[in-house]
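Asker: Just dropping this structure here.
The values are calculated or read from the model by the stated rules, or taken from the named source; none is laboratory data. Owing to the predicted nature of the structure, the values given are computational and were not obtained by experimental measurement. Counting neighbours? That spans all protein chains shown, and the Cβs are built from the backbone with ideal geometry, glycine included.
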Amino acid sequence: MFRTFTLLCGTLFLGQLLGQQTITGGFTFDNEGRAYRLHIPTGYDGTTPLPLVFNMHGYGSNAFEQELYSQMNPVADTANFFVCYPDGINSGWNVGWAFGSTSDDVGFINALIDSLAAQYTINLNRVYACGMSNGGFMSYRLACELNDRVAAIASVTGAMSPQFLPTCEPGRAVPVLEIHGTADAVVAYEGTPFVSVPVDSVISFWVANNACNATPTETAIPNTNILDLSTVTRFDYGECADNTAVSLLKVTNGGHTWPGSPIIVGTTNQDINASVEIWEFFNRYQLDGISAQEEVVSTASPAWSAYPNPGGAVLNFKNIESPFQLRIFDAQGRPLVNTIARQATNIEVHQLPAGVYFIEIIKDQIVQTSRWIKG
């Protein structure tokens, strides 16, 4: 049973360091003062219900640091969704550890959904949860205990605690994404007694829960940054119940870090951007199945292709008829190109520096995305 809460405040704070609008607020829940930060995307007009992503900090951190570290706000501005950064009690989340928080954090997040929905136009069918480390553990707890309100979850450097895993009975298939480094010295990939189960065991649990094909599709992510001393392999478990999926981005030699963050702490992979990867995963799902939007995001592999890949100053396409809308985003999710392509060849992209990009083609209201590298 979730306890009642009383709204206290919702004051405006202009995050000058982040250059975006952030609302700070809080309320009393279970006789404790709870606080949060809410990033309002630049495209919010109060009329269209937008998705909501909870992004939870690690143990010993806080909402502001997670906002700064994960850099999810630019992705939210591009894709038009809210990001809420809640604060845990005593800088932690209740995930079954003998140390840290003992608060009813599942009840708090449930109450926070209600509080935000009362103040902003939120699509309650598209609420998601992700987090770093302890926040990733908390995301898994929400997948177990609040999946009637949270459509999908993602964990970065988190896992599940040995105390809670045996008691987790989701009752439905929940889309799950894990991003984890093999050299994580805080939440070990192989697990730590009394703290975390091995990452592979976490994945196996959700693959079984979601009735997925136990054999994943394995994809090597291009090693576009050799200076980060790490590489990424993606494992996608498909054919799951209710059109869900379980995915693992395994960062070989990656540390206890948020990939793609501009704040380098130890071995921080730069071949992927965790915030972009998380949103691309979330954007496929809502509580009643695959996300239904005015522009339908297709999860099928595009029939078209961009070439050459890696490429140079000119971008070409094949297997698609013109005209079509072309959008190009950088690895941080920032829009760089948005145009109507009248021909499928000779599209000048000389202005783009070398790096990893995401190409979206929209035709007949179907959105398909492909990764492209400019050398």
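Asker: If I ask for residues that are surrounded by fewer than 19 Cβ atoms within 10 Å (Cβ to Cβ) and either within 19 Å of the chain's Cα centre (by Cα) or at pLDDT 95 or above (or both), which ones from the stretch 91-101 would you list?
Answerer: Matches in the stretch 91-101: 91 only.
Asker: Let me ask something else. Out of the residues in the stretch 35-69 that are of a type in the set (A, V, I, L, M) and in a strand (DSSP E or B), state the one that is surrounded by the fewest Cβ atoms within 10 Å (Cβ to Cβ).
Answerer: This residue is 35.
Asker: Also, quick follow-up: Can you list the strands (runs of 3 or more DSSP E) found entirely within the stretch 199-269 that contain at least 1 residues being outside the structural domain of residue 158 (by TED's automatic domain parsing), surrounded by fewer than 18 Cβ atoms within 10 Å (Cβ to Cβ) and among the aliphatic types (A, V, I, L, M)?
Answerer: Ranges flagged: none.
Asker: Select from the stretch 20-34 the residues that are surrounded by fewer than 17 Cβ atoms within 10 Å (Cβ to Cβ) and either among the hydroxyl-bearing types (Ser, Thr, Tyr) or in a strand (DSSP E or B) (or both) and list them in ascending order.
Answerer: Within the stretch 20-34, 28, 32, 33 qualify.
Asker: Follow-up. Looking only at residues in the stretch 156-198 that are at positive phi and either surrounded by 20 or more Cβ atoms within 10 Å (Cβ to Cβ) or modelled with pLDDT under 95 (or both), which one is nearest to the chain's Cα centre (by Cα)?
Answerer: Filtering first and then ranking leaves 157.
Asker: Further, regarding this structure: Check 135, 158 and return the single one that is under 26 Å from residue 50 (Cβ atoms), part of a helix (DSSP H, G or I) and assigned by TED's automatic domain parsing to the domain that holds residue 258.
Answerer: The conditions single out 135.
Asker: At positive phi and out of contact with any Lys or Arg (no Cβ under 6 Å at 6 or more places or on another chain): is that true of residue 254 in this structure?
Answerer: For residue 254, the condition - at positive phi and out of contact with any Lys or Arg (no Cβ under 6 Å at 6 or more places or on another chain) - is not met.
Asker: Also, quick follow-up: Determine whether the stretch 227-238 contains at least one residue that is modelled with pLDDT of 95 or more, of a type in the set (Val, Ile, Thr) and touching an Asp or Glu at 6+ places or on another chain (Cβ under 6 Å).
Answerer: Yes - at least one qualifying residue is present in the stretch 227-238.
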